Amino acid sequence: LGAYLQAQFPRAPLSVVVGYDSRHKSRVFSEDTARVLGALGITVYLHADTVPTPQLGHSVTFLGCHAG
């Protein structure tokens, strides 16, 4: 995802929202995702608790992010 965003928006400061649900290890996966994207220089907003998909979509729009 990070490489794709960098290719699509080469000059833009990138940002992504990461959320997770109640499935087993979903939080761990979201934290790993946030670390990888952050290491690529992408600003990451990580939800602090479980979120439904529509809320994640709203967060992307509200924060003006490139992906979620």
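The values are calculated or read from the model by the stated rules, or taken from the named source; none is laboratory data. The shown structure was predicted, so the numbers you read here are calculated from the model rather than taken from an experiment. No Cβ is skipped: glycine too gets one built from the backbone with ideal geometry, and neighbour counts run over all protein chains shown.
For GLN55, the conditions (1) without any contact (Cβ under 8 Å) to a residue 24 or more places away in the chain; (2) of a type outside the set (Ser, Thr, Tyr); (3) over 18 Å from GLY2 (Cα atoms) are fulfilled apart from (1). The lone criterion from (1) at pLDDT below 95; (2) on the phi > 0 side of the Ramachandran plot left unmet by GLY64 is number (1).
Taking the criterion of being within 24 Å of PHE9 (Cα to Cα) and loosely packed, with under 14 Cβ neighbours inside 10 Å, the residues of the range 37-62 that qualify are ALA39, GLY41, THR61, PHE62. Residue check: is VAL44 in contact with a Gly (Cβ under 6 Å, 6 or more places away or on another chain) and either at pLDDT 95 or above or charged (D, E, K, R) (or both)? Judged against the criteria, VAL44 is a match. A single entry from LEU37, LEU5 fulfils the requirement of being over 10 Å from the mean Cα position of the chain (by Cα) and touching a residue at least 12 places away in the same chain (Cβ under 8 Å): LEU5. Among the residues of the range 25-35, which ones are hydrophobic (A, V, I, L, M, F, W, C) and either loosely packed, with under 13 Cβ neighbours inside 10 Å or not in a helix (DSSP H, G or I) (or both)? VAL28, the sole residue that qualifies. The set of residues in the range 3-24 that are at pLDDT 95 or above and surrounded by 10 or more Cβ atoms within 10 Å (Cβ to Cβ) comprises TYR4, LEU5, GLN6, GLN8, PHE9, LEU14, SER15, VAL16, VAL17, VAL18, GLY19, TYR20.
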